[in-house]
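See below for the structure under consideration.
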Amino acid sequence: MQVDNFKIFVDLVETKSFSKAARLNGITQSAVSQQARAMEKHFNNLLIDRSQKQFQLTREGNRVYQTAKEILHVYEKLMSELMEMKKVISGTIRISTIYSIGLHELPPFIKSFLTDYPSVNVRVEYRRSNLVYEDILHNSVDFGLVAFPVKTRQIEMIPFREDRLVAICHPEHPLASHATVDVDMLGDYKFISFDPDIPTRKAVDQIFRDNKIETEPVMEFDNIETVKRAVEIDAGIAIAPQATVAQEVKQGTLASVTLNGTGFNRPLAILHRKGRVLTPAMKKFIKTLTGKEIDSD
């Protein structure tokens, strides 16, 4: 048995999908199936209960899975320690992030990180928030970046920074003449929002409930870029993270209006799976984002 065999098996168990395990390891779905059967032959036990419609392990399969995780953890810890002994900062960091953070918050940090550590590759995937959590749980990526993080038992959350939610409108919209407004003023205008399952939309809905504002969005979109484009053509106003509209405000295609009061902060967080061994490169990346050193087991 090689380490790769254990990794493929663990990925298969955790994703419950031969196709997903294949993608994670850069092999074919058939190869994953062959690996699973090879492990059953090696251990002389059925590991996967094929009588069930859904993926399910046998008792022996679960024991192999638990031990395989321990073996991978020890191996990853050893590799990380060897790199630290050599003072090597290299490798690939895979990031899953929502569009607003990936496009507007992350780039200067990545630029700074790659300047300091040019031997590291950083790969960024843009995903909906729920899929970022899924990527972390399935070990598809090293880090996730989300807004309004939700506590999850298997995921470690590291505070990244806080943005502020602001009202945005067309430069000639009546709201644009105000530097600040009370949130209840927004109920008088057509409103553009994010899709209902997006965390920032949930936060905005809560703000409206708290202020007893009843509004029905005239448009709903799944990413900040489309929301901004709709506001630019004066289809309505919106509430958006301040950092995501800075360029348009500077160019004069959007107006940004501060909302009076509290409760408009938008917390951002770095996610990684609990118990994951962080390589020297990963630790340096977290330090670049947070300004703080991090220890890992």
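For the reader, a short list of remarks on this structure follows.
- Inspection of the stretch 102-117 identifies no residue that is in a loop (DSSP other than H, G, I, E, B) and without any contact (Cβ under 8 Å) to a residue 12 or more places away in the chain.
- Long-range neighbours under 9 Å by Cβ, at least six apart or interchain, first residue on the phi < 0 side of the Ramachandran plot and in the same structural domain as ASN130 (by TED's automatic domain parsing) within the stretch 142-156, second in a loop (DSSP other than H, G, I, E, B) and hydroxyl-bearing (Ser, Thr, Tyr): ASP142/THR279
- One residue stands out in the stretch 170-210 among those that are of a type in the set (S, T, N, Q) and closer than 30 Å to LEU131 by Cβ: the one that is farthest from the chain's Cα centre (by Cα), namely GLN206.
- Qualifying residue in the stretch 97-110 (condition: exposed (fewer than 14 other Cβ atoms within 10 Å of the Cβ), more than 30 Å from LEU165 (Cβ to Cβ) and not acidic (Asp, Glu)): no
- Helices (runs of 4 or more DSSP H) wholly inside the stretch 1-89 that include at least 2 residues being in contact (Cβ under 8 Å) with a residue 60 or more places away in the chain, closer than 19 Å to GLU134 by Cα and not basic (Lys, Arg): 3-15
- Among the conditions (1) surrounded by 14 or more Cβ atoms within 10 Å (Cβ to Cβ); (2) touching a Ser or Thr at 6+ places or on another chain (Cβ under 6 Å); (3) in a strand (DSSP E or B), MET157 misses just one, which is (2).
- Within the stretch 227-297, strands (runs of 3 or more DSSP E) holding 2 or more residues that are out of contact with any helix residue (DSSP H, G or I) (no Cβ under 7 Å at 6 or more places or on another chain) and under 27 Å from ASP135 (Cα atoms): 265-273
The values are calculated or read from the model by the stated rules, or taken from the named source; none is laboratory data. Note that the structure is predicted; figures quoted are calculated from it, not measured. Note that we place each Cβ from the backbone using ideal geometry, even for glycine, and neighbour counts take in every protein chain shown.
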